[in-house]
Every structure is written in structure tokens, then in C-alpha cells.
1. When the chain is modelled as a GNM with alpha-carbon springs shorter than 10 Å, which of Arg303, Arg77, Arg145 fluctuates the most?
2. Counting Lys and Arg as +1 and Asp and Glu as -1, each charge on the Cβ, what is the dipole of the chain about the Cα centre in debye, to the nearest 20?
3. Could you work out the relative contact order of the chain, using alpha carbon pairs under 8 angstrom and six or more residues apart, expressed as a whole percent?
4. Count the DSSP beta bridges whose two residues both fall in the chain, then state the antiparallel fraction as a percent rounded to the nearest 5.
5. How large is the accessible surface per residue of region 293-346, computed with a 1.4 Å probe and reported in Å² as a whole number?
6. Please give the Cα centre distance for region 65-128 versus region 203-254, rounded to the nearest Å.
7. Take every Cα pair under 8 Å in region 71-192 that's 6+ residues apart, average their separations, divide by the length, and report that relative contact order as a whole percent.
8. Figure the gain on full extension for Leu148 and Asp343 (residue separation times 0.36 nm, minus the Cα-Cα span) and round it to one decimal in nm.
Amino acid sequence: MSLEKELRERAIKKGYGLDEQLLEEQIRKKVLFELRRTTYRWTPLKYDEELGLVYMAARLAGCYAAVRRAVNEIKKRDPLFAPQTLLDFGSGLGTVVWAAHSCWSESLKEMVCVDSSGPMNILAEKLLKGIEERGEPCIKQVYFRQFLPVSPKVQFDLVTAAFTLSELPGVKDREDAVLTLWRKTNSYLVCVCVLVENGTKEGHQILMEARETLLKTQDKIVYDIRPASVFAPCPHEIMCPKLVLGSVMPCNFQQMHHPLALAGHNMPQTEKFSYLILTRKEPTDVDTEGVSWSRLVAPVQRRARHVHCRLCSPDGHLQHIVLTAKKHGRDVYRCARSSDWGDRVPIIPKDDSDIQTDSE
């Protein structure tokens, strides 16, 4: 109504010589155009066979790259972890199965993929079989379901929800889903959100909602008393400093990958994503001095004889540190210079002079 009033006043001010009926028709069209352009109407996607193929062509490689990067965080920091069971909620094309199998092929004995779309499950199963449609799948013990296991006592060593939470309609639905998945988690829960061009902050906020839910919400029925702790990427369990400061940029990371070999899509691409890993294990990932490492939340800027590092520190603050070999030592300097966005680094500022304030 306010938009219609504004357009009418503008037309009167400019003195358009239109009759009332034609003016009303033009105003109505402009109002509908603006509403379509600015109003987001959430509707659930129903993946049929055709849409599944389109999704595969557009998203298969990028999804795999992001999930593989996330699960590799567990692989390199907990080398003794050997999961036998996997539950993937919203499994889609089965990218989590491929990523998990590349890390723990010897230990995984059962992988349950849950997706409400029957055609998507069929397509994921075809991808496992490759060219031979009637042949044996290249990854064994993968089971496709349309519903989660009913019993809340059934737990899996590794539970994932990749690119799924953002497809749920509201906060309450996401909260219920996260709590259900946590009940089924024996060791690690991995959540990954895609950060599309016009939705970066939303993807990050969805994961922070899940983080707060699992760290602070007391479940009514507790089958596993071990509490949740943040494994990655946050080096702390305080509220995300980017949300506290109202930062324009979310906490995200990127992974280079090669797309499917389709016409016009041969160049390497970058997948931008955000992820969250929670664990029931005791937080033992600390250095020899008992201090957690910081994580790089932006690309390292390498300059002559110094580097700029933007870090999320264990005390829950964002820091911009300028490192030199003379002041911080050759080893720390070389470590920072060879590190990349998303890596963990053993950098602790020696004094306030190390820390700079960003102009942005």
C-alpha cells in the first residue's frame, strides 16, 4: 500500500496525462514488479529426475570440494579417528559418501544416506555404479533411505548435514533437525552451508544458530550425557565475533576445484562455503603450552619482509596482526607466510603493538 501511494504521488507530481484506469494499471504492474524483485518467498524444492540432473551438473563438484575440505579437518587433527558408521542427512547426490570414503575407506562399514527425494536417491546410487548400471557400486555398504532411523538410541560415529539446513523453512525446523542429528552423533557432527552470491551472511548465521542450539539447549531426553564442544572452525565457544561486531563479511572459507567436464566449464572454480564441526570428544587439541591455536579468517597478505594475518583467536576476538621475522621469530614468520585462509596457526600476539585495527 505504501509503495502504491508513493508511485501515485510521483505520477501526479510529474503530471502524466493518463486516464485514471490506465494509471492504476501501470501502478499495479510496477508494484507487482517491485514485490517480485525484493520479496523472498520460500518454497521447498521437489527434486524430480530432470532437476536432479541439473543439480548434478551445477553443484556436484563444488559440493564435494566443500565437504572434502570440512571432513579433512577431522582427518588431519584426529588421525586416530576411524569411523565405522556414517549418517548423511539430506544426502542429495551422495557427495558426503565420496568425501568420507576418501578419508576412511578402510574403517567405514555402514553409510546411511537420508534424502526425502526418491529420484535424487536413485541418481546418487547410479553415480556409485558408474557406467555399469547393473554392476556393483564402487563403494560398498551404502544404504539410501527417505526417512531418518526411528530409534533415538541408534548412533553413528559421523553425522553430516551438507547444504541441508538452509533448505529447511524456519528456525524451529532447523533447531529440531540439529537436535535430532546430535542425538544420533557418537563422535562428530559436521554441518556445511553453501554461501551463494546473494546469501553469504544467511549461511553463516544458520550455522551459528545450530552452534548456539547445541551448546546451550538442554535436551529433554538425554541418551548420551557427553556435552557438545566446538571442534572447528571456531577456536572458542564464545559467540562469533563477526556477529557481535555486525561484520559485513561472514566467517567463510573457499576451496578451489575442477568442475565437471561440460561445455564451457573447463576452468578451475572456487567454492565459497561455511562449515561447523561439533564433537562429543574431550577438547585435547592444544599446543604444548596448553593454548589453543588461532584460525586465519581471511587470505594472508604477503608483503616484503612482513605478512598481514587476520585471525579469530581463542579468546573470541578478531585480530589483525602484522608479523615480521625480526620481532616474532623466523619459524613463526615462515609458518604464517606459508599458511592460507582457513588454516590454524600458532600465533599469539606478544603485545598490543602487534595488533592493528582494520579500517573496514
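1. Answer for the Gaussian network model of the chain: Arg303.
2. Working: 50 positive and 47 negative charges, 143 e Å.
For this selection, approximately 680 debye.
3. Working: 565 pairs, mean separation 45.4, N = 360.
Relative contact order here is 13 percent.
4. Of those bridges, close to 65 percent are antiparallel.
5. On the way: 2690 Å² over 54 residues.
About 50 Å² of surface per residue is accessible.
6. 22
7. 28
8. Numbers: separation 195, 0.36 × 195 = 70.20 nm, distance 3.39 nm.
Using 0.36 nm per residue and subtracting the Cα-Cα distance, I get 66.8 nm.
The values are calculated or read from the model by the stated rules, or taken from the named source; none is laboratory data. Worth saying up front: this structure is predicted, and the values here are computed from it rather than measured. Glycine also receives a Cβ, built like all others from the backbone with ideal geometry; neighbour counts cover every protein chain displayed. Each accessible area value is taken on the protein alone, full model and side chains, heavy atoms only, with ligands, DNA and RNA left out. Shrake-Rupley method; radii C 1.70, N 1.55, O 1.52, S 1.80 Å.
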